[in-house]
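The values are calculated or read from the model by the stated rules, or taken from the named source; none is laboratory data. All values reported here derive from a predicted model rather than from experimental measurement. Glycine also receives a Cβ, built like all others from the backbone with ideal geometry; neighbour counts cover every protein chain displayed. Just the protein is used for accessible areas: all its heavy atoms, side chains included, with ligands, DNA and RNA removed. Shrake-Rupley method; radii C 1.70, N 1.55, O 1.52, S 1.80 Å.
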Amino acid sequence: MTIIIVKKGDSLWEIASKNKVAPSRIIEVNGLESTTLVPGLALYIPNEKAVNRRYLIKSQDTLTRIGSRFGTSAAAIKEANPGISENSLKIGTEISIPSPYKNQLITLGFAFPTSGGVVFETLEQNGDKLSYLAIVAYSFTREGNAYVDGDDLPLIAKCEQTGVTPLLMIRNFQDGDFDADLAGDVLASSVYRANLINSMLTFVREKGYGGVSMDIEFIPPARRSDYVLFLKELKEGLNELILHVNVHAKTADNPDNRIVGGHDYRGIGEAADLVAVMTIDYGYPTGPPEPISPLWWMAEVLRYALLNIPEYKLQSAFPMYGYDWIVPSHETKALSAQNAQNLSIATGAEITFDTSAASPSYSYRRGNSNHVVWFEDIRSISAKYEMIDAYELIGATYWQIGLEFPQNWEFIDNNIWIIK
């Protein structure tokens, strides 16, 4: 993999010539709308150069043992990590490993019901890069009866056509937002919990879903144990079908916190087949401009999650988007990663990169308004893949595949083996 950071005066033709690739290929891989470039723009150059794997030193490790695991040699590891030696291996140190083996991941995308458009195009072009698609189409009543909002059948059919397993995604979503009371009322009642499980299972069986993806947010802390009980009962009903659960990101338990307290990582990890930690929206709409998913924060969240959820069940959420904030009002607009990148070009805004957060950003002015944009690019997304490789997580999720991010799919195609 080669990443080129555009400098002032660089042209697309010069970059293409130096890297022996057609300009049209660079445009395609990076989702460019023109040949215009801006300083700080990260261009992903497709080539055969393999990405080194990432690994955290563990107790009893030797370079020979590590090399054997990754199909390489102790000498090659030493060359990739100057200064390392058998006598100085420190537990927890991250090293780079040249390996012929690709990282193997279970990936899950999210999508709203549709019968065409970007979601269908993404599935047609990149269905081989997704294990599951969670179709965001279900909520439930205060008596625990699940219902569908939109026609999910065309998207289920498209999943089957492209080899992606569809999951029924259900949320406590009412009137345009997550409803804590709705979740609390249903979880508090054994009758309503049973209603919800039975109605979900009916939809799953009738429509041919491969399982369920739960996104119940802002669960009242008092209902924490009820949610774990609900998940165990749901898994029993699903049997061999997949139970996937999305949980709030946190770095400590905080069981009384009204936002994250209702998610008991340990209990949820025991009940579910897969658990996705929502390591997104650190920078959030209407809040101050911040990185969407800063790498340092993601690391803190995953280290805590791994104390409670086994790595072979754990996924990290990757954002496919950016936010455009107007300052100082903090009015916010969401953009796909591709559109955020191309807005920088359209406005002539130079892109800067926060190395600690591993996140790109830029500022521009429109009319009387000052704007700040944080988004994702090939640098930020590849750093996230390196982190989940080092922590040995089972996979990643993508919110959401209706947002275009061609660099991400190209990276997967070149560097990841998808578990189906």
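From (1) under 30 Å from Ile351 (Cβ atoms); (2) open to solvent by 80 Å² or more (accessible area, probe 1.4 Å); (3) modelled with pLDDT of 95 or more, pick out the condition that doesn't hold for Ser68.
Every condition holds for Ser68 apart from (1).
Considering only residues of the stretch 221-274 that are among the polar types (S, T, N, Q) and in a loop (DSSP other than H, G, I, E, B), which is surrounded by the fewest Cβ atoms within 10 Å (Cβ to Cβ)?
The selected residue is Asn239.
Which of the residues that make up the stretch 291-331 are part of a strand (DSSP E or B) and among the acidic types (Asp, Glu)?
Result: Asp324, Glu331.
Is it fair to say Ser293 is among the hydroxyl-bearing types (Ser, Thr, Tyr) and surrounded by 23 or more Cβ atoms within 10 Å (Cβ to Cβ)?
Criteria met by Ser293.
What pairs come out if I take residues in the stretch 122-141 that are farther than 12 Å from Ile156 by Cα and assigned to a helix (DSSP H, G or I) and pair them with residues that are open to solvent by less than 10 Å² (accessible area, probe 1.4 Å) and not polar (S, T, N, Q) whose C-beta lies under 6 Å away, six or more apart or interchain?
Pairs found: Thr122/Ile401; Gly127/Val164; Lys129/Ile412.
Hey, any hits in the stretch 92-102 for a residue that's under 29 Å from Thr165 (Cα atoms), touching a Phe, Trp or Tyr at 6+ places or on another chain (Cβ under 8 Å) and outside any loop (DSSP other than H, G, I, E, B)?
Checked against the condition, which is being under 29 Å from Thr165 (Cα atoms), touching a Phe, Trp or Tyr at 6+ places or on another chain (Cβ under 8 Å) and outside any loop (DSSP other than H, G, I, E, B), the stretch 92-102 yields no hits at all.
Taking the condition in contact with a strand residue (DSSP E or B) (Cβ under 8 Å, 6 or more places away or on another chain) and farther than 14 Å from Ser213 by Cβ, does Thr107 pass?
When the stated conditions are applied, Thr107 does not pass them.
Check whether at least one residue in the stretch 142-153 is within 24 Å of the chain's Cα centre (by Cα) and either under 17 Å from His244 (Cβ atoms) or without any contact (Cβ under 8 Å) to a residue 12 or more places away in the chain (or both), and report yes or no.
Checked against the condition, which is being within 24 Å of the chain's Cα centre (by Cα) and either under 17 Å from His244 (Cβ atoms) or without any contact (Cβ under 8 Å) to a residue 12 or more places away in the chain (or both), the stretch 142-153 yields at least one hit.
Just give me the residues in the stretch 25-48 being over 30 Å from Pro98 (Cα atoms), modelled with pLDDT of 95 or more and not acidic (Asp, Glu), in sequence order.
Within the stretch 25-48, Leu32, Thr35, Thr36, Leu37, Val38, Pro39 meet the criteria.
Contact list please: Cβ distance under 8 Å, first residue in the stretch 380-406 and free of Cβ contacts under 8 Å to residues at least 12 places away in the same chain, second residue open to solvent by less than 10 Å² (accessible area, probe 1.4 Å), pairs at least six apart or on different chains.
Pairs that qualify, where the first residue is free of Cβ contacts under 8 Å to residues at least 12 places away in the same chain and the partner is open to solvent by less than 10 Å² (accessible area, probe 1.4 Å): there are none.
What about Ile197, is it open to solvent by 10 Å² or more (accessible area, probe 1.4 Å), of a type in the set (A, V, I, L, M), closer than 30 Å to Leu335 by Cα and in contact (Cβ under 8 Å) with a residue 12 or more places away in the chain?
Judged against the criteria, Ile197 is not a match.
Whether any residue in the stretch 172-194 is in contact (Cβ under 8 Å) with a residue 24 or more places away in the chain, open to solvent by 10 Å² or more (accessible area, probe 1.4 Å), charged (D, E, K, R) and farther than 21 Å from His248 by Cβ is what I want to check.
no
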